[in-house]
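*Asks:* Take a look at this one; I'll ask things after.
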Amino acid sequence: MYFILHNWLLIASYHECLSIIFIYILRLDEPYEWPPIYGNLVEAYTVRRFWAYFWHRIVYAPFRAVADRLSARVFGQGQGKRGVAQRFVNVTLVFLLSGLIHSMMDWKNGSCNCWASGTFYVVQPLGFVLESLVWFAWAPLRKRVFAPGSRVPLIFERALGYLWVWTWFFWLYPQRAVAEINCRVRGYP
């Protein structure tokens, strides 16, 4: 919860303060040039949707450009629609770059275990894979369990989805803090 709430409040506050400065004080920008930095938390009922529809996308564009360039070399260019493998490679590269940047920031800030932060981001695509596996197993059962046209499966899936996302972050994020504490206890610089 700390990860989400702290970063959400911190980054959104900076964004709002800067928007006030650039729109109303300096009059360099228009309000439409400063859309909200975070999306709607209600849309975060999968880990993939958490990152795609809720979390800030400050570094997404440059990371995506690098990932597209690298994957184009591996998969070839000009093939039109990207396949599932290439999309997964791109997503993995984006989170790998994010993990690397966060590890570098932790190292610069003097964290004992700077890789713990990076690991948190690097393993996010694993959550996407787990979601996909569950969905492929659930989709055929869904038709047999629920009546066609019923809203019950949507409510059921969303409720389980929110539970999954919170479980994922409540399981994963504390490992980052524990790795830092263990590093300090062992006396590493």
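Read the figures in this text as sums done on the coordinates, not as results from a lab. Everything quoted here is computed from the prediction, not taken from an experiment. Glycine gets a Cβ as well: all are built from the backbone with ideal geometry, and neighbour counts include every protein chain shown.
*Asks:* Please find the FRET efficiency linking R69 to Y162, where r is the Cβ-Cβ separation and R0 is fixed at 30 Å, and quote it to the nearest 0.05.
*Replies:* 0.25
*Asks:* I'd like the trypsin sites (Lys or Arg not before Pro) in the range 99-166 restricted to DSSP loop residues with at most 13 other Cβ atoms within 10 Å, sorted by number.
*Replies:* R151
*Asks:* So how far apart, in nm, are the two label points at V185 and A52 if each is 7 Å from Cα heading toward Cβ?
*Replies:* Output for this residue pair reads 3.9 nm.
*Asks:* Indicate the gyration tensor shape class of the range 41-186 (rounded, prolate or oblate), computed on the Cα atoms with a ≥ b ≥ c the square roots of the eigenvalues: a/c under 1.5 is rounded; otherwise a/b larger than b/c is prolate and the rest oblate.
*Replies:* Judged from the Cα gyration tensor, the range 41-186 comes out oblate (a/c at least 1.5, b/c at or above a/b).
*Asks:* Right, something else. Could you tell me which helices of the chain pass both thresholds, a Cα extent of 27 Å or more along their own axis and a mean Kyte-Doolittle hydropathy of at least -0.5, with helices taken as whole DSSP H runs?
*Replies:* 84-108, 124-145, 152-186
*Asks:* If you split all Cα-Cα distances of the range 13-101 into 10 Å bins from zero, what percentages do you get per bin, shortest first?
*Replies:* P(r) for the range 13-101, in whole percents per bin: 15, 32, 30, 18, 4.
*Asks:* Just add up the charged neighbours of R151: K/R +1, D/E -1, any other residue whose Cβ is under 14 Å from the Cβ of R151.
*Replies:* +1
*Asks:* Go ahead and estimate [θ] at 222 nm for the chain from helices alone: -39,500 (n - 2.57) per DSSP H run with n ≥ 4, summed, over the residue count, rounded to 500.
*Replies:* -23000 deg cm²/dmol, from helical runs alone.
*Asks:* Run the numbers on the chain and let me know its relative contact order in percent, using alpha-carbon pairs under 8 Å that are six or more apart.
*Replies:* Answer for the chain is 22 percent.
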